[in-house]
Amino acid sequence: MTATDGSPPPAQPQGRPAAGASAPPFSVAGGEQKSRSFAVRSFGCQMNVYDSERMAESLRAAGHVEAADADADIIVLNSCHIREKAAEKIYSEVGRIRHRAERAGRAKPVIAVAGCVAQAEGGEMARRMPAIDIVVGPQAYHSLPSLVARAGNGAIVETGMPGLAKFAALPPRARRVPPSAFLTVQEGCDKFCAFCVVPYTRGAEASRALPAILDEARALIDGGARELTLLGQNVNAWGHDGRTFADLLHAVADLGIRRLRYTTSHPRDMDKTLIAAHRDLPALMPYLHLPVQSGSDRILKAMNRRHGADFYRAIIDRVRAARPDIALSSDFIVGFPGETDADFEATLKLAAEMGYAQAYSFKYSPRLGTPAADSADQIPEEVKDARLAALQAQLAADQTAFNRASIGRRTTILLEREGKLPGQFIGKSPWLQSVHVRAPGLAIGDLVTVDLVNATQSSLEGQPVQQMAEAW
Ligand code: SAH
Ligand code: SF4
Ligand code: F3S
């Protein structure tokens, strides 16, 4: 999928964990609470989706019950701050919720804004929109149930950044989770790319300890996960007690998980051991999301990416040598301040050389407080539009070509959700392609061997080789 500007950064569709009604009640500071209905909505990256799942779990553990958005007494909007439009979405959503309640003649639900806009704007949000009851940052959401219990007497703002403390304070993972589950292992960023808000909204780089990660991975596997995606803003910068990210991948693979993925990585942290893991670990899927942002050395320097285009090419060469069938993905920004036609041509050239299986591209969005926002060389909107269209046309053609080249392959897909037709499922190939398959009698979570047949830009069709799920 080639995301258009304004859409969230890479996020795999992720079902909510099935309601873990049997989970033991988790005690919440503030004592007894009456049970209310809630809905949590995610507007950001995979880590934002993971946080939404954990918030839902903590509200459930406090005795609340998940409901459709329109019926909920408590609505949590988990916001993203990465581009301007992402933040604006939250404000219009708050307005929509308030109007909907007024029209229906019912009390306004408790509205909590969580996530990165909450962290960046804090109390300003509630001043701008008094309908917001709670503003809670990405490192403070373990306190959500007690904040909800106190809501209703003026805005509550909780944007402390106590490192990774939330993980110890959250209730255990749900008893049932989707077949493909997320697991945050690292948070924050010390890289300070000139365009990016993440170092300010998520704080400094911090890695969770190995035993805590393995405990959570075991719980997810016990809950039904057959694929784990390890998450971090710079996941390959993970390091703890002298262990590297490659050590972590080996340790998680040793638990017996069938499929392992990670996102998102920085080229500077693709070390030898991690590249070797792509060769040595059968569970590690042949897919790498390694954002390059631009193909121009001048722009990469201005972006403070700390590497040039040839450094990126060299990394990809080594990854391909280790795992020849790897599917590559990237993020691109067009119209960064000072970007000339020649710089943009260099980006098109690099993208064409890589032959991405999929990629995400965005128009540069100036973010208050980041160095690039103050540059005098901002690019006119119509130039950004034209460059985005040209890049996306090329990326779409490459994605189609990658999918077409898969026709004839026999592979295994993990069934993640039901399709529109009876007996149809949509699963993922090892290369993260969506594959539609007619396989009556199978179930979500099954791994099925298929022959890949028809292909479009966004998906393929698979024909089951045997009408049986692979033995687990
Ligand atoms: N840590 C990851 C990126 C996380 S943000 C990395 O370094 O690769 C996801 C993507 O959003 C970025 O890769 C970038 O392409 C895009 N992005 C970030 N800030 C942006 C901005 N100000 N304008 C447009 N796109 C932006
Ligand atoms: Fe943002 Fe750069 Fe950090 Fe990625 S590496 S989160 S783009 S500052
Ligand atoms: Fe958005 Fe925050 Fe993720 S700004 S991309 S939700 S880390």
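Restricting the search to helices (runs of 4 or more DSSP H) fully inside the stretch 185-269 and requiring at least 2 residues that are within 11 Å of ligand 2 (Cβ to nearest atom) and more than 22 Å from Leu288 (Cβ to Cβ) gives 198-201.
Exactly one residue among Leu415, Leu460 is assigned to a strand (DSSP E or B) and under 18 Å from Leu328 (Cα atoms), and that residue is Leu460. Within the stretch 78-125, being touching a helix residue (DSSP H, G or I) at 6+ places or on another chain (Cβ under 9 Å), farther than 22 Å from Arg150 by Cβ and more than 15 Å from ligand 3 (Cβ to nearest atom) holds for Tyr91, Arg100, Ala104.
Residue-by-condition table, conditions (1) within 13 Å of ligand 3 (Cβ to nearest atom); (2) buried (at least 18 other Cβ atoms within 10 Å of the Cβ); (3) aliphatic (A, V, I, L, M):
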| position | (1), (2), (3) |
| --- | --- |
| His142 | no, yes, no |
| Gly160 | no, no, no |
| Pro178 | no, yes, no |
| Ala181 | no, yes, yes |
| Asp190 | no, no, no |
| Phe195 | yes, yes, no |
| Thr201 | yes, yes, no |
| Ser207 | no, yes, no |
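How about the stretch 362-385: which of its residues are more than 14 Å from ligand 2 (Cβ to nearest atom) and small (Gly, Ala, Ser)? Passing the criteria: Ser375, Ala376.
Counting residues in the stretch 311-333 that are surrounded by 15 or more Cβ atoms within 10 Å (Cβ to Cβ), within 20 Å of Ile379 (Cβ to Cβ) and aliphatic (A, V, I, L, M) gives one or more. Out of Ala389, Ala393, Ala376, one residue alone is of a type outside the set (Lys, Arg), assigned by TED's automatic domain parsing to the domain that holds Ile299, over 24 Å from His289 (Cα atoms) and free of Cβ contacts under 8 Å to residues at least 60 places away in the same chain. It is Ala376.
Right, Ser92: modelled with pLDDT of 90 or more, small (Gly, Ala, Ser) and either touching a strand residue (DSSP E or B) at 6+ places or on another chain (Cβ under 9 Å) or within 16 Å of ligand 1 (Cβ to nearest atom) (or both) or not? Answer is no for this residue.
Flag not set for Thr411, criterion: touching a residue at least 12 places away in the same chain (Cβ under 8 Å) and surrounded by fewer than 16 Cβ atoms within 10 Å (Cβ to Cβ).
The values are calculated or read from the model by the stated rules, or taken from the named source; none is laboratory data. Since we're looking at a predicted model, the values are computed, not measured. All Cβ positions, glycine included, derive from the backbone under ideal geometry; neighbour counts span all protein chains shown.
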